[in-house]
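Asks: Let me give you the structure first, and then I'll get to my questions.
Derivation of every value follows stated rules applied to the coordinates shown; laboratory data play no part. Computed from a predicted structure; not experimentally measured. Glycine also receives a Cβ, built like all others from the backbone with ideal geometry; neighbour counts cover every protein chain displayed.
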Amino acid sequence: MKKVLIVNLNTTENMTEKMKEAAISVKDEDTEVEAITPEHGPVTIESSYDEAFAIPPVLKVIEEIDQEDADAILLGCFCDAGVPAAREIADIPVIAMEEATLSIALTLGNKFSIMTEKKPRVAMKELHIRRAGLMERLASIRPLGLSVADMDENPEKTKQEGIKLAEKMVEKDGAEVLIMGCAAMAGYKDEVEEAAGAPVLDPTATAFKVAELTADLGIQHSKVGLYHPPSPKEFK
């Protein structure tokens, strides 16, 4: 028996439940799933400003988790905000949704495309891809033109816009693998994949399976360099 915790980076309970449902739909029989919503923080994450305010409450959640009762943590947002800090303070693996999904996408085809919320987030995703050294593998990043709240409130429109983008990404951009780049898109994979005729990755489900894998293998982030635990100190 193993346990994976999903920690949402925003405070919208409905999105937390959607991520939990996506994880349950693909989990192993012996995996327990628990999803946690921070008490404080942004309602949605759609900017660097939002990300900055989301990190402290999420780190507090991780500090308060009984890590002896869990095997891995999945940070529930396709922006990977606060990941290095979370790994410094956690004694169990902390899986980053964007990082894990990109890693899997690289094994499935030559070039990948990412769907994102609104046009301003395209530049941020490009920055992430550039920092990861993956620009040569990127086919495109296209926005749905919907806010995260819109996607949460109108799932049918989100799915239809996702299908339109997916077809363009394959036919016009040369993408071989598609990534639904927001946790609020959880649950639409099959319909989008059928329309596009190419593999589609739901980041929640994909990253959750990576979390399960690390738990099965009993591996943890190295603590000798990048994720070395911080020195105890007081903050004012």
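Asks: Please enumerate, by chain and number, the lysines with C-alpha under 17 Å from the C-alpha of LYS125, excluding those fewer than 8 residues away in the same chain.
Replies: LYS111
Asks: Continuing with this model, one more query. For GLU63, GLU88, what's the fewest-to-most ordering of other Cβ within 10 Å of each Cβ?
Replies: Sorted ascending by nearby Cβ count, the order is GLU63, GLU88.
Asks: I've got another one for you. When the distances between all Cα atoms of the range 99-203 are binned every 5 Å from zero, what whole-number percent does each bin get?
Replies: P(r) for the range 99-203, in whole percents per bin: 2, 14, 26, 28, 19, 8, 1, 0.
Asks: Right, here's the next one. So how strong a dipole does the range 99-203 carry about its Cα centre when Lys and Arg Cβ are +1 and Asp and Glu Cβ are -1, to the nearest 20 debye?
Replies: That gives the range 99-203 a dipole magnitude of about 540 debye.
Asks: Related question: In the range 134-236, which GluC sites (Glu not before Pro) are in a loop and have at most 15 other Cβ atoms within 10 Å, using DSSP for the loop call?
Replies: GLU234
Asks: Still on this structure, I have one more. If you plug each phi of the range 184-197 into the Karplus form 6.51 cos²θ - 1.76 cosθ + 1.60 with θ = phi - 60°, what whole-Hz ³J(HN,Hα) values come out, in order, with x for Gly and Pro?
Replies: Result, rounded to whole Hz: 5, 8, 4, x, 10, 3, 4, 5, 5, 4, 4, 5, 7, x.
Asks: I need the trypsin sites (Lys or Arg not before Pro) found in the range 155-186, filtered to DSSP loop residues with at most 16 other beta carbons within 10 Å of theirs.
Replies: For trypsin sites (Lys or Arg not before Pro) across the range 155-186 that sit outside H, G, I, E and B with at most 16 neighbouring Cβ atoms in 10 Å, the list reads LYS172.
Asks: Amide H neighbours of GLY76 under 5 Å, counting only residues 5+ apart in sequence or on other chains, H built in-plane at 1.01 Å?
Replies: VAL7, ASN8, LEU9
Asks: Further question: Going by average Cβ neighbours within 10 Å, how do the peptides 33-39, 220-226 rank, with the highest at the top?
Replies: Descending mean neighbour count gives 33-39, 220-226.
Asks: I would also like to ask the following. With the contact rule set at Cα under 8 Å and sequence spacing of 6 or more, what percent relative contact order holds for the range 1-146?
Replies: The value is 21 percent.
Asks: Rounded to the nearest 20 Debye, what is the dipole magnitude of the chain about its Cα centre when Lys and Arg each give +1 and Asp and Glu each give -1 at the C-beta?
Replies: Using Cβ point charges on Lys, Arg, Asp and Glu, the chain gives about 1100 debye.
Asks: If I take every Cα pair under 8 Å that is 6 or more residues apart in the range 60-118, average their sequence separation and divide by the length, what percent do I get for the relative contact order?
Replies: 32 percent
Asks: Sticking with this structure for a sec: For the residue pair LEU127 and GLU63, what label-to-label distance in nm results when each label sits 7 Å from Cα along the Cα-to-beta-carbon direction?
Replies: Distance between the two pseudo-spin positions: 2.6 nm.
Asks: Sticking with this structure for a sec: Sort out for me the Cα centre separation of the range 114-191 from the range 85-113, rounded to whole Å.
Replies: Result: 17 Å between the Cα centres.
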